[in-house]
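First comes the structure, then the notes that go with it.
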Amino acid sequence: MFKVMMYDGGVYRSDELYELIEDVGGVVLQKTRSSQMLTVTMSVPEEDAQLVEALCLEIGGEVRQVPLAGTEIAVVGPTLGRHHMPHPICDIAEQLRKYGAITVVMGLARGRGKDTAQINLEERLIIEEYDAAIFSLGNFKTCIEAKADLFKDVRIPVILTSGPMPEGMEEHCEAVIPGVGRKVSRMRSPEERAKLAEIADAVEEVLGHRRKAIEEDPLFVHPGEIKALLEDYEPVDMCLRPAPIVMHLDGLRVKVPYAEHAGVIADMTVYGRRLGDVCRITPSKISDSSILIRIKTVAEIEYEDARGDAA
Amino acid sequence: MELEIDSTEDFGLEAYRSLFEEVMFDIGKLPTIEKARVSLNPHVPLFIFSVRFKSATADKTIGDIANVRTDEGNAHITVTDERYAPNILEELWRRYGRNAVTQQTRFDIDVAGAIGKEVEDIVISSGEDNAREMLGALWRSMPEGIKNRHTYIGGRVITVVATEELLLPEMLEAGLKVHEAMGGGS
């Protein structure tokens, strides 16, 4: 089992930290340097975590737990209108970022209303690119229950936040957090902060189940290893978009155009195999300017190998 | 502000009580409202929001919200309602130019070469603006999905009836009843 944590400190002796991460077989998930300050989100084997933590403290930094690091989560509102944005959707997204996740905030084109709310296929496919989605609905139980149609077909874990507790949602989402609803100001009171923490904890638990499921049939290669490979690819290295490589539980999002770079990326080699053979490389549904990489599991690769041998 | 609110759902009732007050406070309309009545029925859905102003939404002049005196050929303004300070400054700049207007403190403004009486009569907010802002605030308070709206304006009362699809005659009738109960004419 790997443990994800964040080093928050200076750049002084950070080379030693990188070396140790490599030595214990861990990976750097995210590295952000601002002047002399540095934050490094890393994934290291659980048995070596203490060693890494000790070094972080020795070189003058702090260690923070970031249970959602290495995930990308969508926070979805019924629309982008001022009734649904920015509160509390942005507060939820901010809380998830504190837990280490990369977040996006989305509004549906026609998600408003009780009887008229709808989601189209394109929107659903975009949401399914993420590790999990949080749907933030309003203050009326009738409306929330009617809007279950928005997320019942979404094939990633869904967490619903709402005002009152709706009924009959067990089949459609992994968790329901009531007590949020529509708000016109920031969630700043202690009760509201506690509610945000409850949401983030629920996401952590839901993704924990997903992580365990992945461990039962492990990926052929850890997303962090593909990230390290892609970081040496010049167009990615030169990419000015924020977080050009975003890790998912079962793959990555690379923010370079699919048409120009998919072929080169597919021809990269990992553990003696073409990346295109061990991953599904597709354009993002948001636009052609991002590539989605889904890593196949060991079982899938073995099955494909066996089928190839038989042929 | 006296707020009467009824709803078919308990959570929505409490949530909309604070939401309505927060929206009115945000846009600075809370002190101008004498009474508000909010009726929430998400089952239909039918939402009726009605407000009664403390006074008729007439034009507001600088004399209404500030004390003005003339001394040595200059007008001195002491603002008593700070919400209108930006409007006063904007109007004074437009009329007398920026060089003639000096804001000494948050509440005190001097205008070189102006006559007090003339300054007092300057309109800084029309009644129509006030009604329009209130209408915007009511729409902002309402749930976003209910786009079909009918507005009654009469006397000091503004009432908005809204639903999601067809505005049926009985819905309009219910809205009119609330409007009349609040003291609004047609």
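Taken together, the values in this text are just the output of simple stated rules run on the coordinates, not laboratory data. For clarity, every value in this text was computed on a predicted model and none was experimentally measured. Please note: Cβ atoms are built from the backbone with ideal geometry, for glycine as well, and neighbour counts cover all protein chains shown.
A few remarks follow.
- Degrees between helix B:85-96 axis and first principal axis of chain B (Cα, 0 to 90, nearest 10): 50
- Seen from B:LEU166, the other residues with C-beta closer than 13 Å to its C-beta sum to a net charge of -2, counting Lys and Arg as +1 and Asp and Glu as -1.
- Residue-averaged beta-carbon neighbours from other chains (10 angstrom radius) around B:141-152: 4
- Residues with amide H under 5 Å from that of B:GLU4, placed H, sequence gap 5 or more: B:ALA36, B:ARG37, B:VAL38
- A:GLY113 long-range amide H proximity, modeled H, under 5 Å: B:GLY145
- Percent of Cα pairs exceeding the 14 Å cut-off, where the set is region B:60-125: 47
- Peptides A:160-172, A:29-41 ranked from most to least packed give A:160-172, A:29-41, packing being the mean of other C-beta atoms within 10 angstrom over each peptide's residues.
- Each residue of region B:148-160 was assigned a 3J(HN,Hα) from its phi angle through the Karplus expression (A = 6.51, B = -1.76, C = 1.60, θ = phi - 60°), giving 8, 10, 10, 10, 10, 10, x, x, 9, 10, 10, 10, 10 Hz with x at Gly and Pro.
- Region A:27-83-region B:39-97 distance, computed between alpha-carbon centres (Å): 50
- Computed log10 I(q)/I(0) for region B:9-90 at 0.17, 0.20, 0.26 Å⁻¹: -0.82, -0.98, -1.30, from the Debye equation with unit scatterers placed on every C-alpha and solvent omitted.
- Rounded to the nearest whole Hz, the Karplus-based 3J(HN,Hα) values (6.51 cos²θ - 1.76 cosθ + 1.60, θ = phi - 60°) of region B:112-128 follow the sequence 6, x, 9, 9, x, 4, 5, 5, 4, 8, 5, 7, 10, 7, 7, x, 5, with x at glycine and proline.
- Nonlocal amide H pairs with A:GLY251, under 5 Å, H built at 1.01 Å: A:ILE295
- For chain B, the longest principal axis of the C-alpha atoms and the axis of helix B:10-26 are separated by about 20°.
- Distances between every pair of Cα atoms in region A:70-219, grouped in 5 Å steps from 0 to the bin holding the largest one, split as 2, 10, 21, 25, 22, 13, 5, 2, 1 percent.
- In sequence order, calculated HN-Hα J values of region A:273-284 (Karplus, 6.51, -1.76, 1.60; Hz; x Gly/Pro): 10, 5, 4, x, 8, 9, 9, 9, 10, 9, x, 5
- Check: chain A dipole with +1 on Lys, Arg Cβ and -1 on Asp, Glu Cβ, in debye: 1760
- For a modelled paramagnetic label at B:ASP129, 7 Å from Cα along Cα-to-Cβ, the residues of region B:84-110 in reach, with backbone nitrogen under 14 Å, are B:84-95.
- Diffusion coefficient (Stokes-Einstein, Kirkwood radius over C-alpha pairs, 20 °C, 1.002 mPa s) for region A:170-256: 132 µm²/s, rounded to a whole number.
- Ranked from largest, the principal axis spans of the Cα set of chain A equal 57, 55, 36 Å.
- In region A:223-310, the C-alpha radius of gyration followed by the widest Cα-Cα span (Dmax) gives 13.2, 46 angstrom.
- Cβ neighbours within 10 Å from other chains - mean over A:134-145: 5
- In whole angstrom, chain B maps to an equivalent ellipsoid with semi-axes of 41, 15, 13, each derived as √(5λ) from the alpha carbon gyration tensor and ordered largest first.
- Cα centroid separation, region B:137-186 to region A:227-277 (Å): 56
- Using just its DSSP H runs of length 4 or more, each adding -39500 (n - 2.57), the protein assembly as shown gives a mean residue ellipticity at 222 nm of -10500 deg cm²/dmol after division by all residues.
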